[in-house]
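Structure record follows, encoded as structure tokens.
None of the figures in this text is laboratory data; all of them are computed from the coordinates on show. Quick caveat, the model's predicted, so the values are computed rather than measured. When we count neighbours, we look across all protein chains shown, and the Cβ atoms used for this are built from the backbone with ideal geometry, even at glycine.
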Amino acid sequence: MKIDILNTIKSRVGSSIQVGASSDKERAKLRYSQLKEEIRARTLNEAINKVELAKALYEIKKNKLYRFDGYDNFYGFCLNYKFSRTMIYRYIKIGAYLEKDSISEQDVIHSSLNKIINDIRVKGSDSEYKPVII
């Protein structure tokens, strides 16, 4: 009985490489799952922040709270936070509609800003709702 040591070593090394590859694949899948969960959590946090930002900006604008910092107008206040005029307008409009219960916080959380603004435009055909001017 002749033992082929070289083939035995190759088969064992090959097996360990396959196990290693399988282990790497499992680690990669685990990492992928962790990253997906992180994305979900961060996306949810971002959506919740979107709602809170809309409410805060609307309240500051509505009650002219920016004057406490010496700003003559709301736009000057917003420049300090490096918001574009369009973004300010969108958040304030969303805040106004949230206050009037025309849209729900869940709508804002589960939609993009553009979709929300388009939905508001459709609802905005009612004379009761006027756009907020900055």
Counting other C-beta atoms within 10 Å, which of Lys100, Lys50 has the fewest, and how do the rest follow? Lys100, Lys50
Compactness of segment 5-123, expressed as Rg and Dmax over alpha-carbon positions, Å: 25.8, 87
In the neighborhood of Arg31, defined by Cβ-to-Cβ distances under 14 Å, what is the net charge if each Lys or Arg adds +1 and each Asp or Glu adds -1? 0
At a 10 Å Cβ-Cβ cut-off, how would you order Tyr89, Tyr81, fewest neighbours first? Tyr81, Tyr89
From the backbone phi of segment 82-89, what are the Karplus-calculated ³J(HN,Hα) couplings (6.51 cos²θ - 1.76 cosθ + 1.60, θ = phi - 60°) in whole Hz, Gly and Pro given as x? 6, 8, 6, 4, 4, 5, 4, 4
